[in-house]
1. Normalising by the residue count of the chain, find the relative contact order in percent from Cα pairs under 8 Å and 6+ residues apart.
2. Could you give the size of the charge dipole of the chain about its Cα centre, using +1 on the Cβ of each K and R and -1 on the Cβ of each D and E, expressed in debye and rounded to the nearest 20?
3. Between helix 38-48 and the chain, what is the angle of the helix's C-alpha long axis to the longest principal axis, kept within 0 to 90° and rounded to the nearest 10?
4. Calculate, in nm to one decimal, what D63 and E79 gain on full extension: separation in residues at 0.36 nm each, minus their alpha carbon distance.
5. In nm, to one decimal, how far is the modelled label at N224 from the one at Y160, with both set 7 Å along Cα→Cβ?
6. Quick check on packing: order 149-155, 209-215, 174-180 by the mean number of other C-beta atoms within 10 Å, highest mean leading.
7. Here are a few candidate values for semi-axes √(5λ) of the Cα gyration tensor in Å: (1) 26, 25, 20; (2) 32, 24, 19; (3) 38, 20, 20. Which one was actually calculated from the structure I just gave you?
8. At q = 0.12, 0.20 Å⁻¹, what is the log10 ratio I(q)/I(0) for region 62-124, with the Debye formula run over Cα points and no solvent?
Amino acid sequence: MKPVRFGIVGVGNIAGFHARAIEMVEGATLVACHARSREAGEKFALENECEYRSTLEELLQSDNCDAIAITTPSGTHAEIGVLAAQHGKHVLCEKPLDISVEKIDELIAACAAKGVLLGAIFQSRFGPGAQALKRATLQNRFGKLMQCSAYIPWFRSAQYYAGAGWRGTWQLDGGGVLMNQGIHAVDLLLWLVGEVEEVSARIQTRLHEIEVEDNAVAWLRFKNGSLGMIQASTACFPGESKRVEIKGERGSVTLVDDVPVFWEFETPHPDDAGVLRLRESAQIGGGASDPKAISVEGHRAQYEDFVQAIWEKREPKISGKEGRHAVQLIRAIYDSSAQNKIIKL
């Protein structure tokens with residue numbers, strides 16, 4: 001099949017993971033990048049052996065590019081994605097797809113209108129532990145679900161927020177620990193358990209001098225009747241691994257940064273022995289105290305799927321509609337805290 005040629009828009013920390021993932025995927029190649037800073041863009045291009053495009057329009061008009069990877073500040077994602085779609089480029093966008101459901105819907109519609117694919121980066125879904133847990137839910141091994149929760153007790157320093165002007169702002173970050181850091185665990189929870197029917201929450205800015213929340217707690221009622229919680233913070237020194245817990249009438253699992261530290265079911269299954277061996281071979285990584293302390297493996301797996309989706313003319317495993325769910329819930333959490341009431345989704 002014809003290699004898929006990618007251009008990267010934005011050359012911040014996470015762009016390097018995208019570049020390495022593209023390099024690792026057979027059938028993918030990085031051809032160009034764009035950044036508002038010429039110096040940063042040219043440095044990234046040199047390091048990753050691609051061309052630097054001085055304007056976004058120049059990159060999007062190129063016949064040498066099939067797909068755009070968006071790694072810019074969150075509040076710019078949909079605008080760039082819509083432009084890419086209008087130029088006939090497939091779009092693979094870092095989380096979140098944007099900071100409002102309305103903007104995400106515009107992006108989904110633009111990609112559909114032009115017949116291009118839209119993928120949302122949620123690499124945690126591709127970890128073998130998460131995949132095993134998903135299979136267990138599909139096999140109904142838990143029976144009736146009871147408690148389904150996510151915990152993200154992370155830490156970010158004042159220097160982290162000061163290091164980029166968009167971090168910690170409503171306009172470009174779109175929120176704090178939930179919209180930026182905790183969204184991976186929120187996405188995992190929704191993917192594993194299903195949609196949330198109602199939520200009540202409190203958020204606060206407890207430690208950092210930022211506009212958005214660095215501490216949040218929410219309780220959830222899922223459409224399947226189970227209850228759960230989301231606890232998230234970037235103010236818990238030194239930072240612990242994210243944890244997703246699924247508990248039901250016939251089994252319970254605790255997943256810590258893709259490692260199944262607890263895996264017990266009423267009825268054994270032939271897959272269980274292999275799942276327990278994952279405790280010794282975790283690959284996805286976390287980022288509890290350092291956003292760069294993650295593996296490229298999740299991004300590699302997602303790029304591999306996206307390239308295959310283009311070749312096979314199918315939706316990627318994490319489509320735009322899939323990427324929408326976590327933002328919808330996080331916005332409902334913000335609304336609940338601001339309005340002091342239960343929000344029904």
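Read the figures in this text as sums done on the coordinates, not as results from a lab. Everything quoted here is computed from the prediction, not taken from an experiment. Using ideal geometry, Cβ is built from the backbone for each residue, glycine included, and neighbour counts are taken over all protein chains shown.
1. Across the chain, relative contact order equals 20 percent.
2. Working: 38 positive and 44 negative charges, 140 e Å.
In total the dipole reaches around 680 debye.
3. The helix 38-48 is inclined about 80 degrees to the chain.
4. On the way: separation 16, 0.36 × 16 = 5.76 nm, distance 2.09 nm.
Additional length available on full extension: 3.7 nm.
5. 3.1
6. Working: 149-155: 23.1, 209-215: 19.9, 174-180: 26.9.
Packing order, densest peptide first, comes out as 174-180, 149-155, 209-215.
7. Label (2) holds the value from this structure.
8. Normalising to I(0) and taking log10 leaves -0.24, -0.66.
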